[in-house]
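Nothing in this text is a laboratory measurement; each read-out follows from the coordinates by a stated rule. Values in this document were obtained by computation on a predicted structure and should not be read as measured data. Backbone-built Cβ (ideal geometry, glycine too); neighbour counts: all protein chains shown.
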Amino acid sequence: MKYDVFVIGAGMAGAAVAKKCAKAGLKTAISDLRPYGGTCALRGCDPKKVLIDGASLQEQVQLHLGKGLSGEVKIDWGELMAFKDTFTDPVPENMEKGFEKAGIDTYHAPVSFLDEATLQVGQQAIAAEKIVVVTGARPRELDMPGAAHAITSDDFFNLTQLPKHITFLGGGYISFEFAHLAARAGASVTIIEHGPRPLKHFEQDMVDELVRVSREAGIDIRLNCQAKRITQQGSEYEVSLEGEAGRGTLETGLVVSTIGRVPEVGQLNLEKGNVVHGRKGIEVNEYLQSTSNPRVYAAGDVADTEGLPLTPVAVYEGHFLAANIIKGNSKKVNYPEIPTVVFTIPSLASVGFTEKQAEEQGLDYSVNSLDARKWFNGRRHRAPAYAYKVLVSKSDGSILGAHLVGPLAEETINIFALAMKAGMKARDLKSFLFSYPTMASDVSYMA
């Protein structure tokens, strides 16, 4: 069997590439060793947001008790997970039907390279003119005694019952999102972060606000603290800790490893395909083509690119990649300003330079920053946190970066991102007539 294009990985990026190539008349196939849909649709962005929205609604009711609302609202974990499943369960079958309708051959098998142009797909050897690797990323393996007792973020989405206490290892966005969800659902939660600051890639002033409200929500955040061992004690676990406060132990009902994600390349035998790769993934050029095997292209979390590890970025890259396969290398990837969000309660959102990055770049800028809890929108939301920091170029008034924490920050940040992409100045946002009263109307005061 031989194909013009063989796509390894049936997530959102893989689907975009396969359908675009098939539409152009190329004989195309796709395979995944997991159910079709990828991380975002099945064990990432989409199900996470469904769960967080339920917890956010519960939080809003709690904040408005005595302000016109009364009664008690609790999260039923089983029902919430069942609702989440109504989004994830149909995905694999729907995607397969979409591939078949597009004339794409589908495989459900692990794939590895036999040589530069041949793949082992299950029990079959398949040749391809172009091979596309879009396998995404997997949870980083935990390296400590007792690591087998910890579950991953993937496993968390399948919890049928919530333990009384949960320990999250790592202070990144996954641990904070799950911690906020679990805390609102009634669990006691501890986050263990080995460094002095969590969420280190975000604007630290905004992170400080999120840490404050996280602790106020009952989340125990331990910084400069390392987990050294996990020991099973009956149905519970004991986590041995070392940190600034010395050594100690933590009793917990569940340990979740959220120490980051790494490119999913282990099963591919890339060496046999002469595909050079490193810690950040497959080495590619500006056309998303392998630097060592011109038959191979890669995009998304498995590729070493300038793009953030986000599904919209992977799909964005996938469209460039497909165009380069169809028309020859003609489209270099250019990355726009990309907003990124931590879906906590409230959310943390960012686009562009942080102040630290602006300083390192030697940029001449001014800062607009304020605690906006007393603004109308902050008060009507009963917001425990609502703050912003916006960096504006002194030379031309362009927006260099915007950072928010507060109600619906995940929506408001898109206005800043769009303004930056369009080349709008801070004065343009200040003079824009937003609909009122909306969260977006606050943008004119932030810019």
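The charge dipole of the stretch 147-259, taken about its Cα centre with unit charges on the Cβ atoms of Lys, Arg (+1), Asp and Glu (-1) only, comes to about 200 debye.
How long are the semi-axes of the equivalent ellipsoid of the stretch 229-304, defined as square roots of 5 times the Cα gyration tensor eigenvalues? Whole Å, largest first. Don't jump to the answer; show the numbers that get you there.
On the way: eigenvalues 347, 37, 20 Å².
With the √(5λ) rule applied to the stretch 229-304, the semi-axes are 42, 14, 10 Å.
Residues whose amide H comes within less than 5 Å of that of Val7, counting only those at least five positions distant or on another chain, are Ala29, Ile30, Ser31, Val132 (H built at 1.01 Å from N in the peptide plane). With neighbour counts taken as other beta-carbon atoms within 10 Å, the residues Glu306, Glu236, Glu317 rank, fewest first, as Glu306, Glu236, Glu317. Once P(r) over Cα pairs in 20 Å bins from 0, in percent is calculated for the structure shown, the corresponding label among (1) 25, 61, 14, 0; (2) 23, 52, 25, 1; (3) 24, 59, 17, 0 turns out to be (2). Of all DSSP bridge pairs formed entirely within the chain, close to 60 percent run antiparallel.
I need Thr39, Thr135 ordered by Cβ neighbour count within 10 Å, fewest first. Each step should come with its number before you reach the end.
Details: Thr39 25, Thr135 32.
Ranked by crowding around the Cβ, least crowded first: Thr39, Thr135.
Against the 2.2 N^0.38 Å scaling, with N counting residues, where does the stretch 130-227 land? I'd like the Cα-based Rg ratio to two decimal places.
Working: Rg = 15.0 Å, N = 98, 2.2 N^0.38 = 12.6 Å.
Compared with the compact-globule rule of thumb, the stretch 130-227 sits at 1.19.
3J(HN,Hα) along the stretch 304-312, derived from phi through the Karplus expression 6.51 cos²θ - 1.76 cosθ + 1.60 where θ = phi - 60°, amounts to 8, 10, 7, x, 5, x, 10, 4, x Hz, with x in place of Gly and Pro.
With +1 on each Lys and Arg Cβ and -1 on each Asp and Glu Cβ, and nothing else charged, work out how big the dipole of the stretch 339-447 is about its Cα centre, in Debye to the nearest 20. Spell out each step's value before the answer.
Details: 12 positive and 10 negative charges, 89 e Å.
Using only the charged Cβ atoms, the result is roughly 420 debye.
What you get for the chain, charging only the Cβ of Lys and Arg (+1) and of Asp and Glu (-1), is a dipole of about 800 debye around the Cα centre. Put in line by how crowded their Cβ is, counting other Cβ atoms within 10 Å and starting with the fewest, Trp77, Trp375 read Trp375, Trp77.
Here's the picture: charge each Lys and Arg Cβ at +1 and each Asp and Glu Cβ at -1 in the chain, and of Val134, Gly260, Leu241 the one pushed furthest to the positive end of that dipole is Val134. The phi-based Karplus calculation (6.51 cos²θ - 1.76 cosθ + 1.60; θ = phi - 60°) puts the 3J(HN,Hα) values of the stretch 93-98 at 5, 5, 5, 4, 4, x Hz, whole numbers, x for Gly and Pro. Less than 5 angstrom separates the built amide H of Phe168 from those of Thr190, Ile191, Ile192, Val256, all sequence-distant by 5 or more or on a different chain.
The string of couplings for the stretch 175-187 from the Karplus curve (6.51, -1.76, 1.60, θ = phi - 60°) is 5, 5, 5, 5, 5, 5, 5, 5, 5, 5, 7, x, 8 Hz, one whole number per residue in order, with x for Gly and Pro.
Charge tally for Pro384 (other residues, Cβ to Cβ under 15 Å; Lys, Arg +1; Asp, Glu -1): +4. Stokes-Einstein, applied to the Kirkwood radius of the stretch 1-138 over Cα pairs at a viscosity of 1.567 mPa s and 4 °C, places its translational diffusion at 76 µm² s⁻¹. Short-range pairs are left out: with C-alpha atoms under 8 Å and at least six residues apart, the relative contact order of the chain is 15 percent.
Cα extents for the stretch 346-446 along the principal axes, largest to smallest and rounded to whole angstrom: 39, 27, 19.
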